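Here is the structure we will look at, set down as structure tokens.
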Amino acid sequence: MRKICFLLLILLTACAPSEQAIQTSIAQTQAAWTPTASPAPTLIPTSTATPIPQSLLLRSACSSDYMAKAGEPILLIYGSWPTEGEELATQWYTSLFVNLVVDGRTVDGEPQQPAADLPLNCPDDYENSYWNYYQTTLPPLVAGVHYVTVTFGTLHELPDAPNGQNYPVGFIGEDTFRIIVE
């Protein structure tokens, strides 16, 4: 039995890898499993910026039909009421009210400080005119025709010009527009 064990020991020693072979094998295995730097993923750019709205001035002296692009917000300027001179415009600013209805729904807007010029305008502007107007931003509209009504009124009697007629309290008038969205 001793002989068999001795022969086995010789065989195992002869077949066993050397210390250097074991270290080389470990190094190769580690190299195979060591993660390598991978390229950075390609990111799809996304925009977090608010889209710039398209601007429309709804004014009956300019047009009753307006064109807009589908899928884009609309800065709507409306209720433009001209007066002669800044002082009169300031009186109207505190008393004029304007209601906006888009497709049968009331939309809130903000009155703007009287200005010598509208942000957009058609050529019917006269010297020494000051404008009271409102604006709001509509969300993107779907393609089609959208109906808009602008109603004007006053909270108290106001003159239209320094020596002109007075407008009574209440309803003054109404304009109807179409926004055609493509």
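Below are the figures for this structure:
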{"quantity": "Rg(Cα) / (2.2 N^0.38 Å) computed for region 54-181, rounded to two decimals", "calculated": "1.06"}
{"quantity": "Residue-span extension gain [residue 136 to residue 65] - 0.36 nm each, minus C-alpha spacing", "calculated": "23.7 nm"}
{"quantity": "Net charge, residue 166 excluded, C-beta distance under 9 Å - Lys, Arg +1, Asp, Glu -1", "calculated": "-2"}
{"quantity": "Label-point separation in nm, residue 117 to residue 105, each point 7 Å along Cα→Cβ", "calculated": "3.5"}
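The numbers here are math on the coordinates, done by the rules we state, and not lab data. The shown structure was predicted, so the numbers you read here are calculated from the model rather than taken from an experiment. So basically every Cβ, Gly included, is an ideal-geometry build from the backbone, and we count neighbours across all protein chains shown.
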